[in-house]
1. Go through the stretch 19-44 residue by residue and tally those that are free of Cβ contacts under 8 Å to residues at least 24 places away in the same chain, in contact with a strand residue (DSSP E or B) (Cβ under 8 Å, 6 or more places away or on another chain) and more than 23 Å from residue 7 (Cβ to Cβ).
2. From the residues in the stretch 2-35 that are at pLDDT below 75 and not in a loop (DSSP other than H, G, I, E, B), which one is surrounded by the most Cβ atoms within 10 Å (Cβ to Cβ)?
3. Given the residues 67, 38, which is the only one that is outside any helix (DSSP H, G or I) and modelled with pLDDT under 80?
């Protein structure tokens, strides 16, 4: 449906009816977390519709605990920790491969890739 509506060759825009159709489809396909609501009317008396996303009930039913959003300091600490992990990985690879030829490095990575495919 999306491809047929959004990639038309004969017109370069989307009609309001297309948007309404997409909204309805999303609301019906994801009815656990999406509600289609009318929040008012336009100056020419057409409904203004929005998709409201709320996964709290869905997550509660799935027994998934929501976590509080991180503040800026917590986000920075988490990003730095992830960066350090990735930096350590690169250092380990550099140490392991510093005395290897390019062909040996390629062969090692191919072997590592094969191991990942089967596990």
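1. Number of matching residues: 9.
2. This residue is 5.
3. One residue alone meets the criteria, 67.
The values are calculated or read from the model by the stated rules, or taken from the named source; none is laboratory data. Worth saying up front: this structure is predicted, and the values here are computed from it rather than measured. Cβ coordinates were reconstructed from backbone atoms using ideal geometry, including for glycine residues, and neighbour counts include every protein chain displayed.
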